[in-house]
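The values are calculated or read from the model by the stated rules, or taken from the named source; none is laboratory data. Only a predicted model underlies this, so the values are computations on that prediction, with no experimental measurement involved. Reconstructed Cβ throughout: ideal geometry from the backbone, glycine too, with neighbour counts over all protein chains shown.
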Amino acid sequence: MSAMLLYSFPAKARSIFLTSDNTPFSESIKDQNQQQTTVHTLDETVAGYLRESLADSSKKAYRSDLAHFIAWGGTIPTTPEVVARYLAVHAETHSNSTLTRRIVSISRAHTSQGYASPTQSDVVKAVLHGIRRVHGTAQQQASPILKADILAMVDNLTGLIGLRDKALLLVGFAGAFRRSELVSLQYSDIEWVAQGMVAHLRRSKTDQAGEGRKKGIPYARGRHCPVIALRQWLQAANISSGFLFRAVTKHGHIGEAALSREAVAIIVKKHAQAIGLDPAKYSGHSLRAGLVTSAAQAGVSSWKIRAQTDHKSDAMLARYIRDGQLFVDNAAGAVL
């Protein structure tokens, strides 16, 4: 059992979701015909790679989802009718995206033990479809921080914390970084070039294999340039190795560890509120969404935007581009 990664479920659920990729290492599992099958114990090296097959955020989501289902009264294995009732009970209080994710977690808990997934049944699919028709499918997304907003947010920032926040906001916006990508950047990941800087991403949400990719951030016209802002922060903080963005105490002490992803959201909300925006509408994702929307407003082609954001298809950008172009060649504007 040393090779197992037991999730922190209630005791009732703990035995059903054993590893990060949900593969039971040395347990007996039942196949779909309820026949007993023995799975040989894997050595720790193999187990380690299996644990890394899922991102930490995915593991956390699976833990939370399955614990919620078990606390409600669900079991593994369960029936399609129980899953359908679970969905119906929570349709009024949970978003469609949350319910969809719960279905994935319940399904994975079954297939990892050799059971057929009840979530593939017609009754579950029909109930989920009905919930979407009644409650809609629109997701509440963070509002984008547009170019004018970001410039206003960094306009009067001073001091160590101000320099850090200015660099983080501008670099986060210009690079269309995800929060996890932004806080994981290290000094050695930055290459200074004549046109600006190149950020070498070691790994991202869409690059779980760790192949890496590059993002170019050019020098900007005007007073607020992301490249210059980052140089100023690094110089003031005397950072020449390690993480770029770190905690700073009110006494000016700079930590060694990277900021958390949650800290990015806090910084965004803080400076959004400072310029009169409703902080509840903004999050760390607002920087990334803001670059997409601002670029769309400027007429940048979708493939160029995707080159910066690393979105795999135009479909993933559609909402931001659509919102950003609401007033571009607007039909009403042509006749009013």
Handout entry: Enumeration of residues in the stretch 234-259 that are basic (Lys, Arg) and in contact with a Gly (Cβ under 7 Å, 6 or more places away or on another chain)
Key = Arg246
Fill in the blank from the handout: With the first residue restricted to the stretch 210-230 and required to be under 16 Å from Ala176 (Cβ atoms), and the second required to be of a type in the set (A, V, I, L, M, F, W, C) and part of a loop (DSSP other than H, G, I, E, B), Cβ contacts under 8 Å at 6 or more apart or on different chains are Lys215/Ala176; Lys215/Phe177; Pro226/Ala220; Val227/Ala220; Leu230/Leu244
Exercise for the section: Go through the stretch 150-184 and give me each residue that's part of a loop (DSSP other than H, G, I, E, B) and of a type in the set (A, V, I, L, M). Expected result: Leu157, Ala176
Problem - Criterion violated by Tyr282 - all others in (1) at pLDDT 95 or above; (2) surrounded by 14 or more Cβ atoms within 10 Å (Cβ to Cβ) satisfied - result: (1)
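When the stretch 168-191 is examined, which residues are found to be in contact (Cβ under 8 Å) with a residue 12 or more places away in the chain and over 21 Å from the mean Cα position of the chain (by Cα)? Quick ask: steps written out before the conclusion?
Quick first cut of the stretch 168-191, residues in contact (Cβ under 8 Å) with a residue 12 or more places away in the chain only: 168-190.
Matches in the stretch 168-191: Tyr187, Ser188, Ile190.
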